[in-house]
């Protein structure tokens, strides 16, 4: 984007930045990267690979925007369990683009003092993709900031897995089956979620105009604020992000009260 339009956006971005109450910014943002294929169709791109690559480049931009505002935790949903039912011809190019992304992320993560962690049913994914994910984790084990990448992820499955882990632990401690119910409560189950060591998200953002979570962080999102953005993910701009943050900082969070 160049010329007067670019200048106008720059002025507007600066105005949004100045309007943000930094003391009210979220500590944990969940983001659903939705709309790659629709973006490709409506933009007349030759293949979905072009929109996937544009989307992952925009994801890297988003990580930089978030770090500039000192957001400690990002959880990004790049692939759902339900997506795995798509035809191989659709999935394989996306897997390749994700593998490329995971090769690039550690260098920037190191500069941002950011850990990388993957959550979801990685056992359902191709070995090359899982290997790239594990390599990215190993290359970024420490840091003050955290990037969770949800891949092969389903919110219901996370709750099922947490319940299984809790029951397995109780059985290992010798708790009898008839006594287990007394040990099951929200705090104990929460400790077995994939990201039990980080605070629940304050803000969840979904692009592409869809006004639903589709299972993203079902347990953790009980008191999160939601922002649904009309643009497709590859077209998501810094100004869209700043608007979402502005809306968040202006909300009166009641936490069910």
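Here, each number is a calculation from the coordinates, and none is a lab measurement. Worth saying up front: this structure is predicted, and the values here are computed from it rather than measured. Cβ placement follows ideal geometry from the backbone for every residue including glycine, while neighbour counts extend to all protein chains displayed.
Answer yes or no as to whether residue 214 is closer than 24 Å to residue 22 by Cβ, in a loop (DSSP other than H, G, I, E, B), touching a strand residue (DSSP E or B) at 6+ places or on another chain (Cβ under 8 Å) and in contact (Cβ under 8 Å) with a residue 24 or more places away in the chain. So residue 214 fails the test. Set side by side, the residues 239, 227, 231 differ, and just one is assigned to a loop (DSSP other than H, G, I, E, B), closer than 30 Å to residue 48 by Cα and under 20 Å from the mean Cα position of the chain (by Cα), which is 231.
Exactly one residue out of 187, 199 is more than 23 Å from residue 71 (Cα to Cα) and out of contact with any helix residue (DSSP H, G or I) (no Cβ under 8 Å at 6 or more places or on another chain), and it is 187. Of all residues in the range 102-125, those satisfying the criterion of being exposed (fewer than 14 other Cβ atoms within 10 Å of the Cβ) and free of Cβ contacts under 8 Å to residues at least 40 places away in the same chain are 103, 107, 111, 113, 123. Scanning the range 45-80 for residues that are farther than 17 Å from residue 234 by Cα and surrounded by fewer than 19 Cβ atoms within 10 Å (Cβ to Cβ) yields a count of 4. Taking the listed residues 244, 163, 181, the one that is part of a helix (DSSP H, G or I) and either within 15 Å of residue 33 (Cβ to Cβ) or within 14 Å of the chain's Cα centre (by Cα) (or both) is 244, with no other qualifying. Scanning the range 126-160 for residues being part of a loop (DSSP other than H, G, I, E, B) and crowded, with 19+ Cβ neighbours inside 10 Å gives a total of 2.
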